[in-house]
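Reviewing the structure listed below.
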Amino acid sequence: MSGNAERVLREAVHELAGDPHQSPDFVAGVISRGRRVRRRRRAGATAAMLVAIAAIAAPYVWLRPETEPPPTAVAAAPEESEAPELTTDALPPIPDPSPVPPVRKDWQNGPLVLPGGWIALAVSAPIVPGSWVYDRTAGRYVSLGKDYQQVLPAPRGSLVAVQRNAGSSEIGLLDLSTREVRWTSAVGAILSPQWSRDGSQLLVTIFDKQPGGARFGILDPANGSFRQFPVSNRQHCTDICRFSWLPNGREVALPQFGIPSDPGPDPKAKRPQFQMEIFAADDGAPIRVVPVPGSVSGTTSWSPDGRYLAVQAANSPQLVDVGTGRSVGRLPSADVTWVRDDRLLYLDFDDDAIPAAVLIDLKGVEIQRLPLPRDFVKAKVLVVPN
């Protein structure tokens, strides 16, 4: 008999010895009880061995590519939470385009491609004689001469919004295909024309001499209508007092200074604060107020998804979460164009450096830089998708 078997038998004998009701067949009982003890011990050893094997093999099973789809599970409803801080992890990994070629000296003979894959649609600069607009049909830039101080081509089609003098009481729609202009006038100064993203409507800011006479107008080229909507004078405009489109194309916004309706006992809370008042584009009705810590340069300051807004705060350009009004980071410039949800384009004219078009991410990190001709210093450049 082996040592293990002898030990099992001994334990069985002791166990039977303590039982006051022993079976008459003592030896048979001992043998039977010994077999049961051995089976229990073997089963326990086998189970322990399987647990150890599973612990070793489990990581390799989980990390192995699945050959079959996992079973469908019912996910719990997500809990509501505040707007998350700025992160690029949730954005789709879209690769950046290849670096664009250097700008040619005869850039007027073809589309001027900028970082991010967009092109310059119009160029107006003090040094460049007149204004240049890209003619999509001809595939080159055409000069509009010095007849217009304000030139703003539509994102699509052949129409160009023009003004002989910035801030005049009339604005025209010039058709590049015919060079004909259709003029529209208003009572007051027409400022800051801005096309909707689809190019179907033109938004303008209008001021007249009447107190609180700020209003916005929407010009529809399709039917020639020009609707004007007055704005309540309970709030005060910021230093950049102009209306801008929201990405949805159904609302417009105006940067203002506002005092909270319930400031509380804190004296600081009674100070005027930056905010954006949102209006309906179809009837001018006020919709809501969005807190933002700065002024907005225009329509291109809004991200395509409407989540972020580039503003000029008191100390520096900031990127703001529209949902919370909180600043989520600094930018090198507040005058930006969003080329996609996670990329912004701006013109760098700092100091005496060579002017450049710069592509950055949401954290202000430079992705691409394209040097521009010296003639582009302090230029107004409108960009659109290529």
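The values are calculated or read from the model by the stated rules, or taken from the named source; none is laboratory data. The structure displayed is predicted, hence computed values, not measured ones. So basically every Cβ, Gly included, is an ideal-geometry build from the backbone, and we count neighbours across all protein chains shown. Quick note on the areas: whole protein, heavy atoms, side chains included, nothing else; ligands and nucleic acids left out. Shrake-Rupley method; radii C 1.70, N 1.55, O 1.52, S 1.80 Å.
Brief remarks follow.
- Positive minus negative residues near Asn223 (Lys, Arg vs Asp, Glu; Cβ under 15 Å): 0
- Pairs from Lys146/Lys380; Lys105/Lys363; Lys209/Lys378 whose Cα-Cα separation, in the structure shown, is over 26 Å: Lys105/Lys363; Lys209/Lys378
- Summing charges over all other residues whose Cβ lies under 15 Å from the Cβ of Arg104, with Lys and Arg as +1 and Asp and Glu as -1, gives +1.
- Region 118-164 - percent of accessible surface contributed by carbon and sulfur, probe 1.4 Å: 51
- Expressed as a fraction of 2.2 N^0.38 Å, the value expected for a compact globular protein of N residues, the C-alpha radius of gyration of region 149-237 is 1.09.
- The order of the peptides 112-120, 356-364, 282-290 by mean Cβ neighbours within 10 Å, most packed first, is 112-120, 356-364, 282-290.
- With each label modelled as a point 7 angstrom along the Cα→C-beta vector, the Phe257-Phe207 pair spans 1.4 nm.
- Spacing of the modelled spin labels on Glu170 and Ser158, each 7 Å from Cα toward Cβ, amounts to 2.3 nm.
- Interchain or long-range residues, amide H under 5 Å from Ala356's placed H: Asp348, Leu372
- Ranked by the mean number of other Cβ atoms within 10 Å per residue, highest first, peptides 367-374, 224-231, 200-207 order as 200-207, 367-374, 224-231.
- Of the solvent-accessible surface of region 326-386, computed with a 1.4 Å probe over protein heavy atoms with every protein chain present, carbon and sulfur atoms account for 47 percent.
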